[in-house]
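What follows is a set of notes on a single structure, which appears directly below.
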Amino acid sequence: MLSEQSAVVTGGAQGIGLATSRLLLQSGAKVAIFDLSKDKLSTTCDELKREFGTDRVLSFHCDVTDEEQVVKGFALTKETFGSVDILVNNAGITSPKEWKKTLLINLHAPMFASYTAMEYMKGSSKAVIVNVASMAGFCAIPGNESYSASKSGLIAFTRSMAQSTEGIRFNCICPSYTDTPLLGEPGKELDSTLSFIIEKQGGLLKPEQVSEGIVRLITDASLNGQVLKLTPRKGFHFEKYDSFMESLEKL
Ligand SMILES: NC(=O)C1=CN([C@@H]2O[C@H](COP(=O)(O)OP(=O)(O)OC[C@H]3O[C@@H](n4cnc5c(N)ncnc54)[C@H](O)[C@@H]3O)[C@@H](O)[C@H]2O)C=CC1
Ligand SMILES: CCCCCC(=O)/C=C/[C@H]1C=CC(=O)[C@@H]1CCCCCCC(=O)O
C-alpha cells in the first residue's frame with residue numbers, strides 16, 4: 001500500500017509513535033524515526049530493523065526543537081530513502097510547570113518540521129502530513145493549560161495549512177487517554193485522579209488504535225484538513241467544521 005514511500009515519524013521510539021512506525025513499515029513504507037531518547041531510539045530501531053530490514057529503517061537522534069538538527073534529519077532521510085512523502089508529527093510532552101517547553105515541543109516543533117518537510121516533499125505526488133493532537137485540544141484539561149493550548153493550536157494549524165497548501169494534505173488525529181509511557185512509568189500504578197479520569201472516559205485506548213487512525217489519514221487520498229477524533233466510547237469520528245469562507249457567513 002505504501003511501498004516506494006518514505007515517512008518521518010517524530011517521537012517514534014515508543015508509544016503512539018512506535019505503533020505508527022511499525023504499522024507504516026507493515027504497510028510497505030520506509031521509516032525514519034527522529035527521537036530525543038538515544039537509548040530507546042537505538043533499542044526500538046534495532047528491533048524494527050530485525051523485523052523489517054536494515055534498509056527500511058533510519059534512526060535519527062535529535063531534539064525536535066533543534067531546528068538545525070531537524071533540517072539535517074530531513075536531508076538525511078531524503079539522501080537515504082530517495083524521497084520524503086509522509087511526516088507524522090507525533091513527539092509531544094506534558095509538563096504543566098514548563099509551559100514554554102511544552103509549547104515549543106508540542107506546537108512550535110511540528111510547525112517547523114512541517115515547513116521543512118514541505119521543502120523536501122517537492123516532487124512527491126503523495127505528500128501528506130499528519131499531526132498528533134489530542135482530545136485535550138477540545139476538552140481543555142484543568143491545570144494543564146499549556147498542553148491543552150498546544151493541542152488546540154496544532155488542530156488550528158492543521159486546518160489552516162490544509163486550506164492554503166497545494167499538493168500536500170494536512171490532517172490531524174485527536175485521541176483521548178492512551179496507554180503509553182506518557183501517562184506514567186510503565187508497570188507503575190496510575191495516580192488516583194488519572195485513574196478516575198480514565199474510568200470516566202470509558203477506559204484507555206491502545207496505541208495501535210491510534211496508529212490505525214494515523215495510517216488511515218495517510219492512505220486515504222480523499223482526506224485533507226480532517227480532524228479525526230478517537231475515544232473509547234465513540235471510536236473514530238470526524239469533527240465537523242465549516243471552511244473559513246463558510247464560517248464568515250455565520251459570523
Ligand atoms: N498518551 C496519551 O494519552 C495521548 C497522547 N497524545 C499525543 O500523542 C503523542 C505521542 O504521545 P505518547 O506516545 O503517549 O508519548 P510517549 O511519551 O510514550 O512518547 C513520546 C516520544 O516522543 C519523544 N520525544 C519527546 N520529546 C521530544 C523531543 N523534544 N524531540 C524528539 N523526541 C521527543 C520521546 O522520547 C518519546 O519517545 C504526543 O504528541 C501526545 O501529546 C495524544 C492523545 C493522548
Ligand atoms: C479528554 C482529554 C484527553 C487527553 C488525552 C491526552 O492527550 C493526554 C493526556 C495527558 C497529557 C496531559 C495530561 O494532563 C494527561 C495526563 C498526564 C498524566 C501525567 C502523569 C505524569 C506522570 O506520572 O509522569
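The single condition among (1) touching a residue at least 40 places away in the same chain (Cβ under 8 Å); (2) surrounded by fewer than 23 Cβ atoms within 10 Å (Cβ to Cβ) that Gly12 does not satisfy is (2).
Residue count for segment 45-70 satisfying the condition of being in contact with a Gly (Cβ under 9 Å, 6 or more places away or on another chain) and closer than 13 Å to Ile105 by Cβ: 2.
For segment 196-217, filtered to residues that are open to solvent by less than 30 Å² (accessible area, probe 1.4 Å) and either under 13 Å from the mean Cα position of the chain (by Cα) or under 12 Å from Gly17 (Cα atoms) (or both), the residue that is nearest to ligand 2 (Cβ to nearest atom) is Val210.
The requirement of being open to solvent by 60 Å² or more (accessible area, probe 1.4 Å), within 12 Å of ligand 1 (Cβ to nearest atom), touching a strand residue (DSSP E or B) at 6+ places or on another chain (Cβ under 7 Å) and in contact (Cβ under 8 Å) with a residue 12 or more places away in the chain is not satisfied by Leu230. Every test in (1) assigned to a loop (DSSP other than H, G, I, E, B); (2) more than 12 Å from ligand 2 (Cβ to nearest atom); (3) small (Gly, Ala, Ser) is passed by Gly143 save one, and that test is (2). The one condition from (1) at pLDDT 95 or above; (2) away from ligand 1 (no atom under 15 Å from the Cβ) that Glu189 does not meet is (1). Among residues that are acidic (Asp, Glu), over 22 Å from Asn171 (Cα atoms), touching a helix residue (DSSP H, G or I) at 6+ places or on another chain (Cβ under 9 Å) and open to solvent by 50 Å² or more (accessible area, probe 1.4 Å), Glu79 is not included. The residues listed here are Ile173, Ile155, Ile129; of these, the one that is within 25 Å of Ser243 (Cα to Cα), open to solvent by less than 20 Å² (accessible area, probe 1.4 Å) and either more than 13 Å from ligand 2 (Cβ to nearest atom) or in a loop (DSSP other than H, G, I, E, B) (or both) is Ile129. Summed over segment 40-75, residues that are in contact with a helix residue (DSSP H, G or I) (Cβ under 7 Å, 6 or more places away or on another chain) and of a type in the set (Lys, Arg) total 1. If you go through segment 179-195 and pick out every residue that is away from ligand 2 (no atom under 12 Å from the Cβ) and either open to solvent by less than 30 Å² (accessible area, probe 1.4 Å) or within 14 Å of Ile141 (Cβ to Cβ) (or both), you end up with 0. Checked against the criterion of being closer than 27 Å to Ala117 by Cα and assigned to a loop (DSSP other than H, G, I, E, B), segment 226-235 has at least one qualifying residue.
Being open to solvent by less than 80 Å² (accessible area, probe 1.4 Å) and not small (Gly, Ala, Ser) is the filter here, so list the residues in segment 107-126 that pass it.
Restricting attention to segment 107-126, the residues satisfying the condition of being open to solvent by less than 80 Å² (accessible area, probe 1.4 Å) are 107, 109-114, 116-118, 120-121, 124.
The answer is Leu107, Pro110, Met111, Phe112, Thr116, Met118, Tyr120, Met121.
The values are calculated or read from the model by the stated rules, or taken from the named source; none is laboratory data. In this text, all values refer to a predicted model and were calculated from it rather than measured experimentally. Cβ atoms come from the backbone with ideal geometry, glycine included; neighbour counts cover every protein chain shown. Protein only, heavy atoms only, side chains kept; ligands, DNA and RNA dropped before computing areas. Shrake-Rupley method; radii C 1.70, N 1.55, O 1.52, S 1.80 Å.
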